[in-house]
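Following: one structure in structure tokens, then a few remarks.
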Amino acid sequence: MRILHVLAQKPGQTGSGIYLLNLMRVAAQRGHEQCLVAGISARDGVYRKDMPKDLLFLPVLFETEELPFPVPGMSDEMPYPSTRYRQMNSEMVHLWEQAFTRVLKESASFQPDLIIVHHLWLLAVLVRKLFPHHPVIAVCHGTELRQLVNAAQFSTEVIRGCRQVDRVAALSSFQKQKIEAAYGIEGERIDITGSGFNSEIFYPPVKRARGRIKALYAGKLSAAKGVPSLLRAVSRLPVSMADFQLILAGSGSGSEYEEILSLASACPFETIFTGSLPQAWLGQLMRECQIFIIPSFYEGLSLVTIEALASGLWVVASELPGMREWVGPRLEEAGIVEYVSLPRLRSTDIPFEEDLPAYEKRLTDGILRQLARAKLYTGVPMAGWEEMFRKYSWEAVFSRIEKIYAHLRTEPPTE
């Protein structure tokens, strides 16, 4: 099979980009020929890290004369300089569409059997328009549901155009319901493909070093991810400064990142910023830590939490919609996952300020409970690895996509 992958932003830099890289990795192992169209910065230089060696990569270059602005991001805060869709004027949108149209038309010579486009957003609409007779599967990552609100000027066009794709791949049954409600796409055209993790990178250590507890957060350093609340919660931990260390793996930008740096400098515990890490480095770091904390106010299906559980970490997580469903009851009953109820949200990922103190108190309490477990149980909790390996693998995700394609071959494309 010849597969054309399409992503509007940088591969490997966010959850959707990591999802893409792993799909391509498994597809290459199965002998499929592949082409990728993705948006990157002209300043990125050679951009083929972690990509299959035989992949045909056709980049759309931003920060050039043709596209004189940074890559637009599906989150308002990206781990690299980016443009917010809600701030794009008509000229920027025209240049964006013109550039992607040119490269997508170039990719037509690859003669794809299947097109996988990431995000139910503007690029999915353009792909359907340019490839009306090719099977198109659009993968929903959750951020597009926020953009329907944050960049509402595009919502009518996006909803109308995304209804024309052949199939939508959802990460969970909760997300499937959200897609049906927001886009009006029939449930029978939405398949739950889930997410996965690379078991060659994320796995438990044989044993963990005794001594100071290391707690890890990995992801974008932004307010929507709850990082300021995490730092305030950690600052209130009633434990010795010598007994606890916080590691923030990721990057941020703008005023939110400046606030995070300020809160970290005031935190009584050592706080380490690693920057964005390659997957292999993150896997190694997880094996060196004991606790993983995800304080986000919004996620689709949190890939990094799957990776943390597979790495044998005790997890403290915001009780995000759908999370209990995909984690399952076993890990909660075993105390491996400690949920923290969310504050009220005034929009998709923005909490009411007056609710944050109580939320941060609950987060502190959740971290304390996992600290106690990590100190009491000096081994490596294996149930997280067992559950994640049983339920989530990229091989299984890609197999589900292959089944969707096999089904599409028996019916005509959506008109």
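None of the figures in this text is laboratory data; all of them are computed from the coordinates on show. Since we're looking at a predicted model, the values are computed, not measured. Note: ideal-geometry Cβ built from the backbone for every residue, glycine included; neighbour counts use all protein chains shown.
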key: Label-to-label distance, nm, for residues given as Glu106 and Arg236 (7 Å Cα→Cβ offset)   = 5.3
query = Rounded to the nearest 20 Debye, what is the dipole magnitude of the chain about its Cα centre when Lys and Arg each give +1 and Asp and Glu each give -1 at the C-beta?
reply = 820
task = Pull up the cross-link candidates among the lysines for Lys49, meaning alpha carbon to alpha carbon under 16 Å and not fewer than 8 places away within one chain.
result = Lys10
ask   = Toward the positive end of the charge dipole of the chain, about the Cα centre and with charges on Cβ (Lys, Arg +1; Asp, Glu -1), which of Ser155, Ile192, His141 goes farthest?
value = Ile192
message = Under 10 Å, Cα contacts only: if you run a Gaussian network model on the chain, which one of Ile367, Ile306, Ile272 comes out with the highest mean-square fluctuation?
response = Ile272
ask   = Using a Gaussian network model of the chain with C-alpha springs under 10 Å, which one of Val136, Val149, Val234 is most mobile by mean-square fluctuation?
value = Val149
inquiry  = Charges at C-beta only: +1 for Lys and Arg, -1 for Asp and Glu. How large is the resulting dipole of the stretch 213-391 about its Cα centre, in Debye rounded to 20?
reply    = 320
message = Along the charge dipole of the chain, pointing to its positive end and built from +1/-1 on Cβ of Lys, Arg, Asp and Glu, which listed residue (Ser75, Gly335, Ile404) has its Cα farthest out?
response = Gly335
ask   = With the chain treated as a Gaussian network of Cα nodes joined by springs under 10 Å, which of Ala264, Ala124, Ala242 yields the largest mean-square fluctuation?
value = Ala242
message = For Cys35, Cys267, which order do you get if you count the other beta carbons within 10 Å of each Cβ and list the fewest first?
response = Cys267, Cys35
ask   = Listing Glu360, Glu63, Glu411 from the residue with the fewest other Cβ atoms within 10 Å to the one with the most, what is the order?
value = Glu411, Glu63, Glu360
query = DSSP beta bridges in the chain, what fraction antiparallel, as a percent rounded to 5?
reply = 5
remark   = One would report the antiparallel percent of DSSP beta bridges in the stretch 213-391, rounded to the nearest 5, as 10
message = What does the extension gain come out to for Leu56 and Ile272, with contour length at 0.36 nm per residue minus their alpha carbon separation?
response = 74.0 nm
note = Heads up, the chain by the C-alpha gyration tensor (a ≥ b ≥ c square roots of eigenvalues; a/c under 1.5 rounded, else a/b over b/c prolate, else oblate) looks prolate
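Starting from the stretch 127-235, pick out the GluC sites (Glu not before Pro) whose DSSP state is loop and whose Cβ has at most 15 other Cβ atoms within 10 Å.
Details: sites: Glu144, Glu157, Glu180, Glu186, Glu188, Glu200; in loops: Glu186, Glu200.
Those that pass, being in a loop and sparsely packed, are Glu186, Glu200.
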Quarter of Cα convex hull surface for the stretch 213-391, i.e. mean projection, nm² = 9.6
key: Cα centroid of the stretch 18-64 to Cα centroid of the stretch 146-211, whole Å   = 20
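Which value at 222 nm does the chain reach when only helices count, each DSSP H run of 4 or more adding -39,500 (n - 2.57), with the total divided by all residues and rounded to the nearest 500 deg cm²/dmol?
Working: 15 runs with 164 residues, N = 415.
Theoretical 222 nm ellipticity from helices: -12000 deg cm²/dmol.
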note = When the charge dipole of the stretch 213-391 is computed with +1 at the Cβ of Lys and Arg and -1 at the Cβ of Asp and Glu, the Cα pointing farthest to the positive end, of Leu356, Ala223, Met241, is that of Met241
inquiry  = Based only on other Cβ atoms within 10 Å, what is the fewest-to-most ordering of Trp385, Trp394?
reply    = Trp385, Trp394
